[in-house]
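The values are calculated or read from the model by the stated rules, or taken from the named source; none is laboratory data. The shown structure was predicted, so the numbers you read here are calculated from the model rather than taken from an experiment. Note that each Cβ is placed from the backbone with ideal geometry, even for glycine, and that neighbours are counted across all protein chains shown.
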Amino acid sequence: MTTQPTVGALENKNLAVSAIDLATSDGAKAALGGTLPSAGLLAQSDWVKTHEDAAQKVVNALVDTMHWISTHSAQEIADKLPQSYVQNSTISKDQYVAALNQDKGQFLPDGIMPAGGPKTIFDEEKTIGVDTSKVNIADTFTQKYAQAALKLEGYTATTTPAGNDG
């Protein structure tokens, strides 16, 4: 499992093919049966509780970045990235932009955990043998910091949020 530009480079050199598409909402739903949140922050709750200001600043940066990605074209994004990243011996800039156009939907536009996202993650964990029987899905995420970041920046949430049922 990898992301752009690696996917495009491997496919363009006929070294790999995408067997399962987890980079788009439709692909993730087809492969996993639900929405797969692909951009988020993981932290231990004890650290978050004792570092709420730092946690909020990190989420603010993520939400602002996700908003920027969702409001700019793949070409505009590629123009802001280091040129050695979007154009090198493995991929041309045009190929990178085309791949990002295809995969851009994987980024949460507002930082909100999408409805069904936690359940999809739990189901994925169960599939690979992780025992989640003692974990309450609602205790594994919070919308609190993303909602505060949206309010701070004056953005509107566009994602249907996950509730207590994941």
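Consider the stretch 132-150. How many of its residues are surrounded by fewer than 11 Cβ atoms within 10 Å (Cβ to Cβ) and outside any loop (DSSP other than H, G, I, E, B)? Spell out the reasoning first.
If we filter the stretch 132-150 for residues that are surrounded by fewer than 11 Cβ atoms within 10 Å (Cβ to Cβ), which is where we start, we get 133-134, 136, 139.
Now restrict to residues that are outside any loop (DSSP other than H, G, I, E, B): 139.
Final tally of qualifying residues: 1.
Per-residue answers, yes or no, for (1) under 19 Å from Pro161 (Cα atoms); (2) surrounded by 13 or more Cβ atoms within 10 Å (Cβ to Cβ); (3) in contact with a Phe, Trp or Tyr (Cβ under 9 Å, 6 or more places away or on another chain):
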{"site": "Leu10", "(1), (2), (3)": "no, yes, no"}
{"site": "Ala19", "(1), (2), (3)": "no, no, no"}
{"site": "Trp47", "(1), (2), (3)": "no, no, no"}
{"site": "His51", "(1), (2), (3)": "no, yes, no"}
{"site": "Asn60", "(1), (2), (3)": "yes, yes, yes"}
Exercise for review: Go through (1) more than 22 Å from Gly163 (Cβ to Cβ); (2) aliphatic (A, V, I, L, M); (3) surrounded by 17 or more Cβ atoms within 10 Å (Cβ to Cβ) and name the single condition Met66 misses.
Suggested key: (1)
Revision key, fill the gap. (1) part of a loop (DSSP other than H, G, I, E, B); (2) in contact with a Ser or Thr (Cβ under 6 Å, 6 or more places away or on another chain); (3) not hydroxyl-bearing (Ser, Thr, Tyr) all hold for Gly129 apart from (2)
Exercise for review: State all residues of the stretch 84-126 that are assigned to a loop (DSSP other than H, G, I, E, B), buried (at least 17 other Cβ atoms within 10 Å of the Cβ) and of a type in the set (A, V, I, L, M); if no residue qualifies, say none.
Suggested key: Ile91, Leu108, Ile112, Met113
Exercise for review: Take the residues in the stretch 86-117 that are free of Cβ contacts under 8 Å to residues at least 60 places away in the same chain and acidic (Asp, Glu), then tell me which one is farthest from Pro161 (Cα to Cα).
Suggested key: Asp94
Practice item. Report those helices (runs of 4 or more DSSP H) wholly inside the stretch 1-71 carrying at least 1 residues which are farther than 26 Å from Thr90 by Cα and modelled with pLDDT under 95. Key: 25-32, 45-50, 52-70
Practice item. All but one of (1) crowded, with 19+ Cβ neighbours inside 10 Å; (2) free of Cβ contacts under 8 Å to residues at least 12 places away in the same chain; (3) among the small types (Gly, Ala, Ser) hold for Gly129, so report the exception by its number. Key: (1)
